[in-house]
1. Picking from Thr117, Thr85, which residue would you name as being under 19 Å from Thr164 (Cβ atoms) and in contact with an Asp or Glu (Cβ under 8 Å, 6 or more places away or on another chain)?
2. Among the residues of the range 33-43, are any over 21 Å from Glu393 (Cα atoms), surrounded by fewer than 20 Cβ atoms within 10 Å (Cβ to Cβ) and free of Cβ contacts under 8 Å to residues at least 24 places away in the same chain?
3. Of everything in the range 387-423, what is surrounded by fewer than 22 Cβ atoms within 10 Å (Cβ to Cβ) and closer than 23 Å to Ala313 by Cβ? Give them in sequence order.
4. List pairs: first in the range 165-185 and touching a residue at least 60 places away in the same chain (Cβ under 8 Å), second surrounded by 14 or more Cβ atoms within 10 Å (Cβ to Cβ) and of a type in the set (Val, Ile, Thr), Cβ under 6 Å, 6+ apart or cross-chain?
5. For the range 119-148, enumerate the residues that are charged (D, E, K, R), within 30 Å of Thr84 (Cα to Cα) and in a loop (DSSP other than H, G, I, E, B).
6. Among the strands (runs of 3 or more DSSP E) lying completely within the range 271-339, list those that include at least 1 residues that are of a type in the set (Val, Ile, Thr) and either touching a strand residue (DSSP E or B) at 6+ places or on another chain (Cβ under 9 Å) or on the phi > 0 side of the Ramachandran plot (or both).
7. Looking only at the range 65-84, decide whether some residue is of a type in the set (Val, Ile, Thr), surrounded by fewer than 13 Cβ atoms within 10 Å (Cβ to Cβ) and at pLDDT 95 or above.
8. Name the residue, out of Glu256, Glu263, that is of a type in the set (Asp, Glu) and in contact with a Phe, Trp or Tyr (Cβ under 8 Å, 6 or more places away or on another chain).
Amino acid sequence: MKNLLALFLILFIVSCGQPERSETDTLTADAGNGGLTLPEGFSALVVAEETGRGRHIDINENGDIYVSLRDHDENKGIACLRDTTGDGKADIIEYAGEHVGTGIKLHKGYLYFGADTAVVRYPLTDGQLLPESNWEMIARGFPTEQQHEAKPMEFDGQGNMFVTVGAPANACMEQMRTKGSPGMDPCPILEYAGGIWKFKDDALNQDQMTDGERYATGIRHAVANSWNSNVNELYVVQHGRDQLHQFFPDLYTTKENAELPAEEFFLVTEGADFGWPYCYYDQFREEKVLAPEYGGDGEITDRCENKTDPIMAFPGHIAPNDLLFYTGYMFPEKYKNGAFIAFHGSWNRAPEPQSGFFVVFVPFDGANPSGEWEVFADGFAGMETVESTGDAEYRPCGLSEGPDGSLYVVDSNKGKIWRIIYS
């Protein structure tokens, strides 16, 4: 009897220790991982080959996928995808919405969308793939811009929405992108752009200047933004300024133009000033220096000494376009609470080869990085050397975490979607 009880106890413990069969166990990765190069143990499958000019992406609890589009023939800016067979491939792709743009987030039963001059939301009905057509205006009054017009948004879970308002300029020059032109001082753009604005997440018809609150400033353009729920802070990764050599050839070589300034990873606290357009971050000197439009020579720090530094710096001109803090359990423990960043790829590194076109991982311990960044997913460009951005086959732009902890990546050329899994 004792032996039987012992055997029963052993069998009970073993059976309890077996993990439940997950959806990922039924997935089959594509041969060659859909063209991606990944760390050992990871694989990928292509969810959809083409959805449009994809920007950001979000995944519902039931696995439905929503992608914001930069443009669409019928001006429908949301690609809606569903897998009905369980193989990880989208067999339903439909389109909805009356806006095109970049930011997209599922929040409080709605699909929030960042159009270029507004943030709107579409109601979602449980079980239905397509959002309802009766959209609501959440935030408006943003300037009509010819560059850096994306309006990605993020939520803190405490009733607030944060919207990036990119600066429609390179360095706030008196004559835009003109050789030797000085910068406007003070820069009038900072009154309405070049920062993060805070709104209520469910109040209707909020105007940027009368209802919104400028949360942080001195940010040229931050398409990549994310609320880190582990520490309850907002983070963004900035696109740094361009063309140091073209506009100031006496101060900067073509090599320096290709490498400077850094793309900056910011922890954004209320009232922070990160220095644009007066300053840029030199990752080799590890400090902010005065921009040439304001009297800088690549070494003077001057008014930049009191600006907020980044928590990490990346090579120049590789274009960070999305940021995600990983909270799932599929990936190994090293990835827990760390950051994935999609780099869209550069254009301002000539005559050097262009760079970026990959997804990187940054380990975190609490509020700050705990180690160096590393390339996590590569091969999007489809070639070893990219001389021109237009040569790249695919450009990673948006990131999202699935309910099972898998990582989704969408490209901006055709809207191709990869799902990265670990086993």
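The values are calculated or read from the model by the stated rules, or taken from the named source; none is laboratory data. Please read all numbers here as calculations on a predicted model, not as lab measurements. Cβ: placed from backbone, ideal geometry, glycine included. Neighbour counts: every protein chain shown.
1. The unique qualifying residue is Thr117.
2. The answer is yes, given that some residue of the range 33-43 is over 21 Å from Glu393 (Cα atoms), surrounded by fewer than 20 Cβ atoms within 10 Å (Cβ to Cβ) and free of Cβ contacts under 8 Å to residues at least 24 places away in the same chain.
3. Thr389
4. Every condition considered, the pairs that remain are Ala167/Ile189; Ala169/Ile189; Cys172/Ile189.
5. Asp126, Glu132 - these are the residues of the range 119-148 that are charged (D, E, K, R), within 30 Å of Thr84 (Cα to Cα) and in a loop (DSSP other than H, G, I, E, B).
6. Working: elements: 279-282, 287-290, 312-314, 320-325.
By residue number, 287-290.
7. Yes, the range 65-84 contains a residue that is of a type in the set (Val, Ile, Thr), surrounded by fewer than 13 Cβ atoms within 10 Å (Cβ to Cβ) and at pLDDT 95 or above.
8. On the way: Glu256 fails: in contact with a Phe, Trp or Tyr (Cβ under 8 Å, 6 or more places away or on another chain).
From the options Glu256, Glu263, the qualifying one is Glu263.
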